[in-house]
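A.B. asks: Pasting a structure below so you can have a look.
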Amino acid sequence: MDLGSHQQWLIDFYQQRGWYDLSPFIRLNFLTEEVGELSRAVRAIKLGRDHPGEPIATPADLQANLEEELADVLDQVLVMSAKMDVDPQQLLTASEAKLKARFHIN
């Protein structure tokens, strides 16, 4: 599945549940929440987590959680992009152009 197809699938999914109607400000809060969960996943891999209420995770569990949280962050960015009428493909192009210009790369 490509980025555009996944974004459209997300929009349809969110619209069916009435979630797409939430404002960009609320969406931004969801993105912030997901970034926090991503931070926790990275911490668990790089520093470990010693919490008595949690089972000890295997390396495979930690990797699966990292991938899940990265996907959640990406989904929130794609939904926010749609809400703000920004083409995610253009974001990729703009990011690459900015870095090439900044670091003088062809």
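A.B. asks: Compute the long axis of helix 3-16 from its Cα atoms, compare it with the longest principal axis of the Cα atoms of the chain, and write down the angle in degrees, 0 to 90, nearest 10.
C.D. replies: So the inclination is approximately 80 degrees.
A.B. asks: A further question follows. Provide the per residue accessible area, probe 1.4 Å, for the range 40-102, rounded to a whole number of square angstrom.
C.D. replies: Roughly 72 Å² per residue, with all protein chains present.
A.B. asks: Taking 0.36 nm per residue of sequence separation and subtracting the Cα-Cα distance, how much length would be gained by fully extending the chain between D12 and N106, in nm to one decimal?
C.D. replies: Full extension of this stretch gives 30.0 nm more.
A.B. asks: Sticking with this one: To the nearest 500 deg cm²/dmol, what mean residue ellipticity at 222 nm is calculated for the chain from DSSP H runs of n ≥ 4 alone, each contributing -39,500 (n - 2.57), summed and divided by the residues?
C.D. replies: -25000 deg cm²/dmol
A.B. asks: If you don't mind, another one. Counting alpha carbon pairs within less than 8 Å and at least 6 residues apart, what relative contact order, in whole percent, applies to the chain?
C.D. replies: Relative contact order here is 38 percent.
A.B. asks: Using the basic label-point model (7 angstrom from Cα toward the beta carbon), what is the N29 to D85 distance in nanometres?
C.D. replies: In this crude spin-label approximation the distance works out to 2.6 nm.
A.B. asks: Could you check how much of the accessible area of the chain is carbon and sulfur, as a whole percent, using a 1.4 Å probe?
C.D. replies: Ligands and nucleic acids excluded, carbon and sulfur give 59 percent.
A.B. asks: Mind checking the range 1-103 for chymotrypsin sites (Phe, Trp or Tyr not before Pro) that DSSP puts in a loop (not H, G, I, E or B) and that have at most 15 other Cβ atoms within 10 Å?
C.D. replies: W19, F103
The values are calculated or read from the model by the stated rules, or taken from the named source; none is laboratory data. Predicted model, so just to flag it, every value in this text is computed and none were measured. For neighbour counting, all protein chains shown are included, and Cβ atoms are generated from backbone atoms with ideal geometry for every residue, glycine included. Remember, those area values only see protein heavy atoms, side chains included, never the ligands or the DNA or RNA. Shrake-Rupley method; radii C 1.70, N 1.55, O 1.52, S 1.80 Å.
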